[in-house]
Structure formats: C-alpha cells, structure tokens
1. Loop-only trypsin sites (Lys or Arg not before Pro) in segment 1-95, please: DSSP not H, G, I, E or B, and at most 15 other Cβ atoms within 10 Å.
2. Given a 1.4 Å probe, how much area per residue of segment 1-54 is accessible, in Å²?
3. So which lysines pass the test for Lys156, namely a Cα distance under 18 Å, with those fewer than 8 places away in the same chain ruled out?
4. Please give the solvent-accessible surface of Val153 in Å², to the nearest 10, using a probe radius of 1.4 Å with every protein chain present.
5. Relative contact order (percent) for segment 1-65, with alpha-carbon contacts under 8 angstrom and 6 or more residues of separation?
6. Round to the nearest 10 and report in Å² the accessible area of Cys76, as given by a 1.4 Å probe over the protein chains' heavy atoms.
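The values are calculated or read from the model by the stated rules, or taken from the named source; none is laboratory data. Every value quoted in this text rests on a predicted model; they were computed, and no experiment measured them. Heads up, the Cβs are rebuilt from the backbone with ideal geometry, glycines too, and the neighbour counts pull from every protein chain shown. The area values use the complete protein model at the heavy-atom level, side chains included, leaving out ligands, DNA and RNA. Shrake-Rupley method; radii C 1.70, N 1.55, O 1.52, S 1.80 Å.
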Amino acid sequence: MRQLIAGWGRYSFTEADVAYPHHRSQVRDTLQDFKECISRGKGRSYGDSAQQPKVISTDLLDRFIDFDANTGILRCEAGVTFHEIIDLTLPLGWFPTVTPGTQYVTIGGANAPASNGKWRPVQGGVAQDPTRHGGKVLRLNDDGTAPKDNPFVGRKGYLPEIYTLGLRNA
C-alpha cells in the first residue's frame with residue numbers, strides 16, 4: 001500500500017510502499033518482495049529512522065507467543081508495545097530490563113538504537129546491523145548450521161543464523 005509516513009514528530013514525510021503482514025509466517029514472503037526495506041513499528045522513532053521507500057509495518061504482528069513467569073522469558077511478535085509487555089509481566093513480578101523513553105514503542109520499532117539509546121542515521125545501531133550478533137535472536141540447528149527457513153538465509157549481507165533482529169541489548 002502506497003502511503004505517506006512520518007516519525008513521531010510528524011516533521012519529515014516520506015511516500016512509501018508499506019506492507020502489512022498479518023502473521024509472522026508472511027514476513028519471509030514479504031522480504032522476498034521488499035528486498036531493500038526497513039521494519040517499522042508504530043512510527044514513534046526519533047526523526048525519520050523508519051522511513052524508506054519500502055517499509056514492512058509490524059502493526060498487525062502484535063501477538064504474544066509465550067511467557068514463562070518462572071524465568072521471565074517472553075516471546076512475542078514485533079508489533080507488541082512495551083506498554084502491553086509491562087501490562088502482562090508486571091503483575092507477575094517482571095519488568096523489562098531496558099525500556100525506551102515511551103512505553104508505546106514496539107519491540108520491532110525499537111530496532112536501531114545505538115548504545116546511547118539514540119538513532120545514528122549514518123552508522124545505524126548494533127541491533128539493526130545484519131553482520132553482528134548483538135540485539136538479535138539467533139536460531140541454529142544442533143550441528144551449528146542455520147536452519148534453511150530462517151528469514152535471512154541467502155539474503156546478501158545478513159548472517160544466516162539471525163532469526164530476529166532489532167532487539168535492544170539489556
């Protein structure tokens with residue numbers, strides 16, 4: 001869908017092709033169509049960090065997958081906000097180790113902060129760097145190889161073991 005998008009301050013607008021996958025199983029197919037793109041949460045990033053000609057919105061990927069109240073380990077889709085995470089985990093005695101300046105940022109939208117928490121538009125952040133492990137969930141087979149259905153297998157410039165990227169280091 002072609003639309004105008006902007007960051008939190010609604011200062012700079014970009015006309016972009018925006019894809020809205022309804023389920024995480026559709027993301028891999030979307031990446032095939034959108035070779036050069038960026039993920040976008042709720043559009044609450046500083047400046048224009050999530051504005052590119054092609055964007056994958058995580059708005060509809062807003063489901064919890066699993067939460068272990070004993071260990072505090074949470075699995076969720078990229079469109080879940082920190083507010084929703086806190087609502088789920090705080091009554092059970094858990095609070096995210098790192099939270100952004102607003103609770104309405106999504107897990108997927110918090111995808112490129114530098115170590116100081118601010119976006120570095122030229123260098124990007126560790127969490128968004130596809131050649132480094134920091135800020136990623138890695139998925140490997142027992143023999144140490146990357147599963148063939150990992151989303152970045154065969155994608156130029158990406159480590160094949162990356163399963164999700166853009167997570168803030170705690």
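1. Answer in residue order: Arg10, Lys35, Arg63.
2. Spelled out: the 1.4 Å probe surface of segment 1-54, per residue, equals 66 Å².
3. Leaving aside lysines fewer than 8 places away in the same chain, those within reach of Lys156 are Lys35, Lys54, Lys136, Lys148.
4. About 50 Å², ignoring ligands and nucleic acids.
5. 40 percent
6. Cys76 exposes around 40 Å² with every protein chain in place.
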